[in-house]
1. Search the stretch 44-103 for residues being among the β-branched types (V, I, T) and over 30 Å from R123 (Cβ atoms), and hand back the single one that is farthest from the chain's Cα centre (by Cα).
2. Hey, can you tell me all the residues within the stretch 1-41 that are part of a strand (DSSP E or B) and either aliphatic (A, V, I, L, M) or within 28 Å of D183 (Cβ to Cβ) (or both)?
3. Considering K20, K43, which residue is within 24 Å of R135 (Cα to Cα) and among the basic types (K, R)?
4. Check G3 against each of (1) modelled with pLDDT of 95 or more; (2) surrounded by 15 or more Cβ atoms within 10 Å (Cβ to Cβ) and name the one condition it does not meet.
5. In the stretch 98-110, what residues are in a strand (DSSP E or B) and closer than 26 Å to V57 by Cα?
6. Restricting the stretch 37-61 to residues that are buried (at least 16 other Cβ atoms within 10 Å of the Cβ) and polar (S, T, N, Q), which is farthest from F107 (Cα to Cα)?
7. Which of the residues that make up the stretch 116-147 are charged (D, E, K, R) and touching a Leu at 6+ places or on another chain (Cβ under 8 Å)?
8. Please enumerate the residues belonging to the stretch 122-175 that are under 16 Å from the mean Cα position of the chain (by Cα), of a type in the set (A, V, I, L, M, F, W, C) and assigned to a loop (DSSP other than H, G, I, E, B).
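The values are calculated or read from the model by the stated rules, or taken from the named source; none is laboratory data. A quick note: this is a predicted structure, and the numbers were derived from the prediction, not measured. Cβ coordinates were reconstructed from backbone atoms using ideal geometry, including for glycine residues, and neighbour counts include every protein chain displayed.
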Amino acid sequence: MVGRYVLLYMLLKFYSMYGKPLYGRKKIQKLLFLVEHFDLGSKRIVKSRGLTGYRFVVWSYGPFSKEIYEDLEKLVDEGYVEERVVGSDATPEYEGIVLDLYTDDGFPKRMFIYEPRVRDPSRILGQLEKKLDHRVVTVIDGVLQEFGLKMPHELEDFVNGLLKLSPDKKVRYWGIDIDSYLDREGLA
């Protein structure tokens, strides 16, 4: 349950900061990974800090948590968030991303867009700030400040670079949790 609140906070905070919806499932995955595993002060990867409630594993595009998709679906079903899907057949480009060349976490030529659906996002944001641990709010705010305007592929490249996660390593460590990967590779 904490993960869903963290996810909703991040979506609402992004909208509040930048005045636009958060786009790209890949981007959402990587931003939440950074909240969980990136120390903004030292600029280093760390083991899970238990901030988000999500457990990440090595996957096709880098760290991945299937629970994020489940929580996105619940937030849509509960009416907090609207999910739109744009495809290259209708929209050749979105936010500078050529959709013919883009894959959004396994969905080729599509982009998933998440926008608040609540009447007063700032009120919900305030409630979430009180409900969530102050540390996670601070880290989300910092991650969004530093990485929020990055393109999904830039975040994917950055995170995979931090993890030294090559295509060969993705195959070798497929499905293993990130903390185990960090131990085995001596990265944290």
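1. Taking the stretch 44-103 and keeping what is among the β-branched types (V, I, T), we get 45-46, 52, 57-58, 68, 76, 81, 85-86, 91, 97-98, 103.
Within this subset, residues satisfying the condition of being over 30 Å from R123 (Cβ atoms) are 45-46, 57-58, 91, 97-98, 103.
Numbers: I45: 16, V46: 17, V57: 13, V58: 14, T91: 23, I97: 17, V98: 20, T103: 15 Å.
My answer is T91.
2. Looking only at the stretch 1-41, we keep the residues that are part of a strand (DSSP E or B), and these are 22-23, 38-39.
Matches in the stretch 1-41: L22, F38, D39.
3. K43
4. Among (1) modelled with pLDDT of 95 or more; (2) surrounded by 15 or more Cβ atoms within 10 Å (Cβ to Cβ), G3 violates only (1).
5. Narrowing the stretch 98-110 to residues in a strand (DSSP E or B): 98, 103-104, 107-108, 110.
Scanning the stretch 98-110 gives T103, D104, F107, P108, R110.
6. The selected residue is S48.
7. From the stretch 116-147, those charged (D, E, K, R) are 117, 119-120, 123, 129-131, 133, 135, 141, 146; that's our starting set.
If the condition is that a residue be charged (D, E, K, R) and touching a Leu at 6+ places or on another chain (Cβ under 8 Å), then D133, R135, E146 are the ones that fit.
8. L149, M151, listed by residue number.
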